[in-house]
Structures are given as C-alpha cells and as structure tokens.
1. Out of these labelled values of Rg/Rh (Cα atoms, Kirkwood Rh), (i) 1.22; (ii) 0.97; (iii) 1.01, which was calculated from the coordinates shown here?
2. Please list the three semi-axes, largest first and in whole Å, of the ellipsoid equivalent to region 48-110, using sqrt of 5 times the eigenvalues of its alpha carbon gyration tensor.
3. At 1.4 Å probe size, put 29, 71, 125 in order of accessible surface, largest to smallest.
4. Express in Å², to the nearest 10, the accessible area of residue 150 obtained by rolling a 1.4 Å probe over the protein heavy atoms while all chains stay in place.
5. Over the chain, what is the relative contact order in whole percent, taking alpha-carbon pairs under 8 Å and six or more residues apart?
6. For residue 18 and residue 85, what is the calculated FRET efficiency with R₀ set at 35 Å and r taken between the beta-carbons, to the nearest 0.05?
7. Considering only DSSP states other than H, G, I, E and B, which trypsin sites (Lys or Arg not before Pro) in region 94-132 qualify as loop sites with at most 12 other Cβ atoms within 10 Å?
8. So what is the accessible area of region 76-182 per residue, in Å², with the probe set to 1.4 Å?
Amino acid sequence: MPDSGHDTLLNQELSTQYLCGLLADLLLKNQWLLATAESCTGGLIAAACTDLAGSSTWFERGFITYSNAAKTEQLGVDAALIAREGAVSESVVRAMVQGAVQHSRAQVAVAVTGVAGPSGGSREKPVGTVWFGWATPAGVVSEVRHFDGDRAQVRAATVLHALDKLVTLLQSAALTTQRDTF
C-alpha cells in the first residue's frame with residue numbers, strides 16, 4: 001500500500017530529526033556555529049535545528065528574510081541584484097548565505113529562497129522551484145531543486161534537502177580539515 005501524505009510527512013519529520021542530530025555532532029566536533037537564512041521556509045530549518053535539545057551550543061541564529069527588503073536589510077543582499085535576477089535565483093541565494101555568515105558569528109550557513117505555492121510561480125520559476133546555498137569552511141555551494149506537492153510538501157522537502165546536503169558538505173569539510181592537520 002502506498003504511503004499517505006501523512007505518512008510521508010511523518011517520515012520526513014523523522015529524517016529531519018536524524019539529520020539534525022548528525023549536523024549537531026559535526027558542528028560540535030569542529031567547533032563551528034550555524035546560521036540560517038530562510039525565505040520560502042519561514043524559519044522551518046531553524047525550528048528543526050532548535051527542536052534538538054542543546055542546540056544553543058551550535059545554532060547561532062536564524063534570519064527569516066521573507067521579503068526582499070528583509071534580504072537587503074538583514075543580510076546585505078543588494079536590492080539591485082534582487083530587482084535584476086529575482087529573489088528566487090542563484091545569485092540571490094549565494095548573497096543570502098554569504099550575508100548570513102557575515103552578519104553572525106557562524107562559520108557555517110544555509111540559505112533557501114523559492115516558490116512554495118500554491119501561487120507565485122511562473123514559466124521560468126514554477127511552484128516548487130527552490131534555490132539553496134550552503135557556506136562551509138570549504139566555500140559556498142548552490143543548487144536549484146524542483147519539488148512536487150502542495151505548499152507544506154514543498155516546504156518540508158526543502159528543509160530535508162537543506163539539512164541533508166549540509167551534513168554531506170560538512171562531512172567533506174571535516175575530512176579536509178582533518179587531512180590538513182596531519
């Protein structure tokens with residue numbers, strides 16, 4: 001029998017909790033702090049992280065920059081860049097994640113900007129389009145994903161992917177750091 005929507009969301013919640021545990025271990029082991037910069041998720045990534053007891057030792061802060069003005073005011077994203085490229089773009093998400101590091105004490109950050117729906121999409125950027133940015137000691141990485149489903153499903157999938165890729169990047173950065181110290 002196929003999973004119902006409720007079962008899928010429950011599985012995503014359990015996966016998110018697991019990923020937050022892995023993330024916490026990596027950040028603590030390397031003495032790194034995390035900041036989030038969120039648009040389409042409205043703080044859900046930060047909420048997932050801070051659901052974990054003891055997160056105050058590794059979670060530095062979260063920026064909820066839902067409006068374009070907030071992206072500019074809180075993260076230093078150039079308003080002209082947003083006007084030219086659109087808020088849902090690679091250049092904006094990269095500026096968001098870099099701004100999260102620059103405007104915090106964190107060494108690691110994740111940023112998301114997207115179209116969660118049900119409206120707001122376009123031919124170029126349909127509902128479900130999400131740009132991700134990750135900043136680690138190894139540098140900045142960005143990518144776009146397209147998720148199916150309703151608003152809640154797009155946002156849940158965004159949180160899960162943001163955390164999953166961050167764990168992968170930090171595992172790689174930690175290995176590089178360990179190799180460099182030998």
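The values are calculated or read from the model by the stated rules, or taken from the named source; none is laboratory data. Just so it is clear, the structure is predicted and the values come from calculations on it, not from any experiment. Reconstructed Cβ throughout: ideal geometry from the backbone, glycine too, with neighbour counts over all protein chains shown. Surface areas here come from the heavy atoms of the whole protein model, side chains and all, with no ligands, DNA or RNA. Shrake-Rupley method; radii C 1.70, N 1.55, O 1.52, S 1.80 Å.
1. Answer by label: (ii).
2. Semi-axes from the Cα gyration tensor: 25, 11, 9 Å.
3. Details: 29 150, 71 0, 125 55 Å².
Descending accessible area places them as 29, 125, 71.
4. Residue 150 exposes around 80 Å² with every protein chain in place.
5. Numbers: 323 pairs, mean separation 40.3, N = 182.
Relative contact order for the chain comes out at 22 percent.
6. Values: r = 35 Å, r/R0 = 0.99.
The value I calculate is 0.50.
7. On the way: sites: 94, 105, 123; in loops: 105, 123.
Here the trypsin sites (Lys or Arg not before Pro) that fit, given the DSSP loop and packing criteria, are 105, 123.
8. Values: 5130 Å² over 107 residues.
On a per-residue basis, region 76-182 sits at 48 Å².
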